[in-house]
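Input: a single structure, listed below in structure tokens.
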Amino acid sequence: MIRAVPSRRDAIADDLRRQISTGHFKAGERLPSEAQLATRYTVSTPTLRSALALLQGEGLVEKIHGNGNFVRRPLRRITYLGGVAEPPTWATFSAPLRVTTRTASIEAYNHLPTLLNVRPGSPLTEVLHIAHEGKTPHSLARIYTPHDLTLADPPAATPSPEQIAVCWAGPRPLAEVQERLSARLPTQEEATALRISASLAVLSLTRVVTDATGRVVEVALMVLPGDRADALFTTRLMTEKRSSKE
């Protein structure tokens, strides 16, 4: 039987993976520069970068532009709990994540008019949430609300690190929460913000909240790297208790 000979890229990735697993390169440690590694393995820089891209896609190595490649610390997995009316919630299994928030006034563009059922250029409030584990970005979410429904003083930070803030004025009777989940590759902007490889798949979740009048009050666009996040949707079925007479 003929055995396939691993490519130089795969052989380099295997060797670096072994050195990481055995502790030769420890979590948080900076790897030798790409030029040094290319010389060590006697390959071109593109081949070396291709090998590193494999490890970045596996979540073993993190490339920080301007600083180099680092052995990534093991990241906690988080679970997005779907089907909750308000606010969307994360389930974590140790200390909570740190969340930073930025609020801006924008005009509806691209697909936002369709999602929010408003005219292009309509005033919106955008709230950007980025969750961090230590210094490493963990997930991001953009929340959009029609400007006339936005709280006069939107939250400067999320009420809880496990929750995404609701920024529309309430209370408003809600009629529907629709969530669409898909897997895709990140945009370059998302890959940069989350410091992940452009080849690492992400979970893309679109959440649309509609009130009792049929008006869309909030749209949340969430991006969850596939190496550290799951989504859980629970449906509770109502059962009717019947009693029989003798």
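Bear in mind that the values in this text are calculations on the coordinates, not laboratory data. Remember, predicted model here, so these are calculated numbers, not experimental data. Methodologically, a virtual Cβ is constructed for each residue, glycine included, from the backbone with ideal geometry; neighbour enumeration extends over all protein chains shown.
Counting beta carbons within 10 Å around each of Val127, Val208 and listing the fewest first gives the order Val208, Val127. Couplings 3J(HN,Hα) for segment 219-236, derived from phi with the Karplus relation 6.51 cos²θ - 1.76 cosθ + 1.60 (θ = phi - 60°), are 10, 10, 10, 10, 10, 10, x, x, 8, 8, 9, 10, 10, 10, 10, 10, 10, 9 Hz, where x marks Gly and Pro.
A simple rule links phi to the HN-Hα coupling: the Karplus curve 6.51 cos²θ - 1.76 cosθ + 1.60 with θ = phi - 60°, which for segment 104-121 gives 8, 9, 9, 10, 4, 9, 6, 8, 5, x, 5, 5, 8, 6, 10, 6, x, x Hz, with x for Gly and Pro. Simple spin-label estimate for Ala231 and Arg76 gives 2.2 nm between the two label positions (7 Å along the Cα-to-Cβ direction from each Cα). Annotation: amide H of Glu218 within the under-5 Å range of Val209, sequence separation 5 or more or interchain, hydrogens built in the peptide plane.
Placing a pseudo-label 7 Å from each Cα along the Cα-to-Cβ vector at Arg102 and Ser7 gives an inter-label distance of 3.6 nm. Extension gain for the segment Arg40 to Ala198, taken as residue separation times 0.36 nm less the Cα-Cα distance, is 54.3 nm to one decimal. Close amide H partners of Thr150, meaning residues 5 or more places away or on another chain with modelled amide H under 5 Å apart, are Ala169.
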